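Peer 1: Just dropping this structure here.
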Amino acid sequence: MADFSWKSLFRIIFHKVLAIILSILFLTISCLFLGYAFVDIITNAAGINAQMMSVSNVTHVHIGKYQFGCKGTGLFKSTVIQNHVEYKGVFCLYPTWPNHVEPIVDDVVRVWPTKKPFVAAAPMQGMDWIVSFFFLMIGLVMFEFFILAWTIH
């Protein structure tokens, strides 16, 4: 016990705690960027057009027993009509850049899946595709950082 270096024990504990904190941070950022990119790309590539009937801000979402606040983040709950069928409770992802601030009634959005849509996004044009692929790349890089955080030793 006299030969045991307590400094190295504290160093090992510090590195493990640092790895856990960094991996949680990078995984969270990665999930946010990848989630946005996947929803935006999938709804615009495989979705179909629908018309907005009503829009409301999602201020508090209950997922299980947890409550998340989303005020002013570009996430809206809407009712859309597609092929004369009305779908309620569709989550609409609207980016907050100059040409898409928030959805309004009678906007055309892309919804996915086509049978019973639960997610919608603004139709993308030129630069919007570049932004979505940029978010996809950032999400993948953050996921790589998540994996690399476990190599701290």
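Peer 1: Leaving ligands, DNA and RNA out of it, rank Met52, Met137, Met142 by accessible area with a 1.4 Å probe, largest first.
Peer 2: Met137, Met142, Met52
Peer 1: How much of Glu86 can a 1.4 Å solvent probe reach, expressed as accessible area in Å² and rounded to 10?
Peer 2: The accessible area of Glu86 comes to roughly 100 Å².
Peer 1: Among the lysines, select those whose C-alpha is under 17 Å from the C-alpha of Lys88, and discard any that sit fewer than 8 residues away in the same chain.
Peer 2: Output for Lys88: Lys77, Lys115, Lys116.
Peer 1: Still on this structure, I have one more. Using a 1.4 angstrom probe and counting only protein chains, how large is the accessible area of Asp128 in Å², to 10?
Peer 2: Only protein atoms counted, so the area is about 10 Å².
Peer 1: Give me the number: length gained by fully extending Ile21 to Asn83, i.e. 0.36 nm times residue separation minus the C-alpha to C-alpha distance, one decimal in nm.
Peer 2: Fully extending the segment from Ile21 to Asn83 adds 17.5 nm.
Peer 1: Starting at the first residue of region 81-95, write each ³J(HN,Hα) from the Karplus equation 6.51 cos²θ - 1.76 cosθ + 1.60 with θ = phi - 60°, in whole Hz, x for Gly and Pro.
Peer 2: 10, 9, 6, 6, 10, 9, 10, 9, x, 7, 7, 10, 9, 10, x
Peer 1: Could you pull out every residue, at least 5 positions away or on a different chain, whose amide H is within less than 5 Å of the one on Asp107? Hs are placed 1.01 Å off N in the peptide plane, and Pro or chain starts have none.
Peer 2: Met52
Peer 1: For Leu18, Leu32, give me the order by solvent-accessible area with a 1.4 Å probe, most accessible first, ignoring ligands, DNA and RNA.
Peer 2: Leu32, Leu18
Peer 1: Using a 1.4 angstrom probe on the protein heavy atoms only, could you order Lys16, Lys7 from most to least accessible area?
Peer 2: These residues rank, largest area first, as Lys7, Lys16.
Peer 1: Amide H of Cys92 versus every other amide H placed in the peptide plane: which residues, excluding those fewer than 5 positions away on the same chain, fall under 5 Å?
Peer 2: Placed amide hydrogens put Phe76, Lys77, Ser78, Ala120 under 5 Å from Cys92.
The values are calculated or read from the model by the stated rules, or taken from the named source; none is laboratory data. Keep in mind that this is a model prediction, so the values were computed, not measured. The protein model used for the area step is the full one, side chains on, heavy atoms only, and it has no ligands, DNA or RNA in it. Shrake-Rupley method; radii C 1.70, N 1.55, O 1.52, S 1.80 Å.
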